[in-house]
Amino acid sequence: MQRVLTSAFLAALCVYAQDNRVPTLTGRVLDPTSAAVPNATVKLYNRDTSLQRSTVSDAQGAFQFERLPAGEFLLEARTTGLDQVSPVSVTLV
């Protein structure tokens with residue numbers, strides 16, 4: 001049975017400032033049953049500056065992007081065996 005990757009991972013997103021000036025974005029990639037999705041490629045893209053970053057989720061589905069500039073970003077996660085979902089808009093302040 002093919003699982004579907006949904007925007008459920010967004011429920012676990014947490015944005016915080018490490019030193020009150022530099023945002024860090026952390027979160028977990030989850031499937032519709034709230035199971036962790038390990039080894040998912042997570043991409044972050046800033047449309048205004050064209051900044052792109054990517055990382056891979058760990059065994060618990062966790063990921064982190066550090067030292068990000070403030071701005072509007074698109075966030076997406078992909079992995080083999082799961083359907084693609086639309087990127088989600090994230091604002092870092």
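The values are calculated or read from the model by the stated rules, or taken from the named source; none is laboratory data. Source: prediction; values computed, not measured. A quick note on method: Cβ atoms are made from the backbone with ideal geometry, for glycine too, and the neighbour counts reach across all protein chains shown. For accessibility, only protein heavy atoms count, side chains too; no ligands or nucleic acids. Shrake-Rupley method; radii C 1.70, N 1.55, O 1.52, S 1.80 Å.
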Report every pair of residues separated by at least 6 positions or lying on different chains whose Cβ atoms are under 7 Å apart, first residue within region 78-93 and on the phi > 0 side of the Ramachandran plot, second open to solvent by 30 Å² or more (accessible area, probe 1.4 Å). Gly81/Gln2; Gly81/Arg3
Go through (1) modelled with pLDDT under 90; (2) open to solvent by 30 Å² or more (accessible area, probe 1.4 Å); (3) more than 19 Å from Leu92 (Cβ to Cβ) one by one and return the number of the condition Leu30 breaks. (2)
Hits in region 53-82 (condition: open to solvent by 50 Å² or more (accessible area, probe 1.4 Å), within 8 Å of Val42 (Cα to Cα) and not hydroxyl-bearing (Ser, Thr, Tyr)): Val56, Arg78
